[in-house]
Structures are given as C-alpha cells and as structure tokens.
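Peer 1: Pasting in a structure now, in structure tokens, and then I'll have a few things to ask.
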Amino acid sequence: MSPSLSGRLDDVAGDAGHVDHPPRMGFFTDTSVCIGCKACEVACKEWNAVPEDGIALTGMSYDNTTALGADTWRHVAFVERPSGGTTTDLGMPSVGAPAGAAPGAGGADAAYPAEGGDATAEDSGVRWLMSSDVCKHCTHAACLDVCPTGSLFRTEFGTVVVQADICNGCGYCVPACPYGVIDLRSEDGRAFKCTLCYDRLTAGQRPACAQACPTESIQFGELDELRERAGRRVAELRERGVEGARLYGADPDDGVGGDGAFFLLLDEPEVYGLPPDPVVTTRDLPSMWRHVGSAALTLVGIGVASFLGRRR
C-alpha cells in the first residue's frame, strides 16, 4: 500500500519503496490519429495470453468488446457522433461519398469527408471518434491500496501490476477503480488488467500494443516527456482549428494525481465513456476512519456513563 492516498505525487515508485528506479513510464494515446484497426487489442491478447472475450453483435457500431475487463486489457472504442459542421482535415486518409450520391445519402462512405476537402452537416451524417482505452496506471491507485493480499503492486517503472497467483478473488479492487478498469475473470474469480507489459519493460522493450500501433496513436515513453509532447500536439491541433482537442488524465493535480496512461480527446470525456472528473476512491479513507473512531469513542463514553449512572 502506498503511504500517500491522494494529492500530487511526483515520485510514485519512490513512494512505493523503490530506492534506485528508472523514470516513470506510461502511455500517451493520441485519439486524433487512431484508425480503429484494433491491432493493439490483438497484440495485447497475443503477448499476454489474454483469453478471447467473445465475438458478439453488440449493436454498438463496430465495438464488439464494449469495455475493458478481465479478458479485455485494450479496448478500441468506436464512437459515432452527429457531424456538427465543418470538420478539420487531420491529414488522415478518407473516402468521399459515391459519385452522384445526393447530399445526406446513406451508406458508410457518406460518413466521411472527401479526400482533401471538408464535410458539412448537409453532406455527412456522422463523424467517427476512435480511441484505444487501457488501464490508467493511476498515480494513486485505489485498487492497489485496498488489496488485502498484496496481489497488486507498484513496479519500479511506476506502473500497477496484478499478481494473479496471489489474488484471492475478494473483488475489493473492482469498485475501488474510478475508471471501471479492473475486473474478475469469471472462470476462476481472480482479478486481471493491463500490466503495461511489465515483462517487456524489464527487458527494455516497448509494450506490445504500442509496438503494433501503425499510426503511433499509442505512444510509450517517460511520462514527463510524453506530457510535454502531448501539450505540443494539443496546441498544434487547436492552431489547425480543432477547438475540441484536450488532454485527459495528464494533470498531476487532478482528482487521481494524474494518470500513467493519458489521452488526447477530440470531444468531452463522457463521449468516450470516461468519467469527466475522476477522483481516487480512497481519498476520503483517513477522514472516514477518524469519523468511525470518533463515533466509537462516543458510544464507549455513553456506555460508561450509563453503567456509572446505574451504580449510583
């Protein structure tokens, strides 16, 4: 358990007891260049031997996994949004409407702007927002702090890893996560989530998902450097007219002390299924214990007073 439960924390590995340790490592996911190819999902499953999570028609566009879980450590979200005016050319490949098609005509191709041009609400019905979600490896990881067996631990890289062979399946970590990331596997009841490929990190390799991403939407590296890079990317997009570009989870002064995996979003966090203002669930534990202690002392005092009153 970390001695610190909330607030800014610049050295998470040191706080966890690592004396000589490398810089904190993490992910920066730039959703503006995500193409939804799901290469990260496949690479994660192959390298970590994550069981298949079923192939079902969910009715949620091309999203057949719907959310992170014990058998889904990377989840590519496909979000369809009504096109609200002129889109900005981000330099990504696109497809125009079929030749001769009337404005607003249906079909998958009608959802994309023509190559090198703009699409308006009159000639395009939806716009795509794609994002590869993952465990946030929080600065203050409530899942780790509530674990009674020490199954979850903080690595020298500042990441949070589950040791499945020590997990007793109590499930305390599941409601503790403010992002709904960690989950229990139905087959054996143990908790699982992304490890940020801890075995690859110790061998000097990049995580499998970042290695497989063809557009470098998933970027891996030292967290401080990634935050600087992300800030420059947001400024670049806003200069190009993408006013909705914003960072999510990059602020070390937010409710979770900043995340080890943060995102560049093109819309509100809720659109991507992310909580708008996450707060580490263990933040109020000290005050809760103080209130419990105060209530217990009050009850003891009442009991003593009652006993003494009867003796009189």
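Peer 1: Sort Val242, Val126 from largest to smallest accessible area, using a 1.4 Å probe on the heavy atoms of the protein chains.
Peer 2: Numbers: Val242 20, Val126 45 Å².
My answer, sorted largest first, is Val126, Val242.
Peer 1: Just need the Rg to Rh number for the range 126-255, please, alpha carbons only, Kirkwood Rh.
Peer 2: 1.01
Peer 1: Considering only protein heavy atoms, what is the solvent-accessible area of Ser151 at a probe of 1.4 Å, reported in Å² to the nearest 10?
Peer 2: Looks like 0 Å² after rounding.
Peer 1: Using a 1.4 Å probe and ignoring any ligands, DNA or RNA, find the accessible area of Arg127 and quote it in Å² to the nearest 10.
Peer 2: Approximately 70 Å² for this residue.
Peer 1: Also: Could you rank Leu152, Leu308 by how accessible they are, 1.4 Å probe, largest area first?
Peer 2: Working: Leu152 15, Leu308 75 Å².
Heavy-atom accessible area, descending, gives Leu308, Leu152.
Peer 1: Leaving ligands and nucleic acids out of the surface, order Glu216, Glu41, Glu222 by accessible area at 1.4 Å, largest first. Could the numbers behind the result be given before it?
Peer 2: On the way: Glu216 120, Glu41 25, Glu222 95 Å².
The ranking, largest first, comes out as Glu216, Glu222, Glu41.
The values are calculated or read from the model by the stated rules, or taken from the named source; none is laboratory data. Since this is a predicted model, take the numbers as computed values, not measurements. Please note that ligands, DNA and RNA were not included when accessible areas were found on the heavy atoms of the full protein model with its side chains. Shrake-Rupley method; radii C 1.70, N 1.55, O 1.52, S 1.80 Å.
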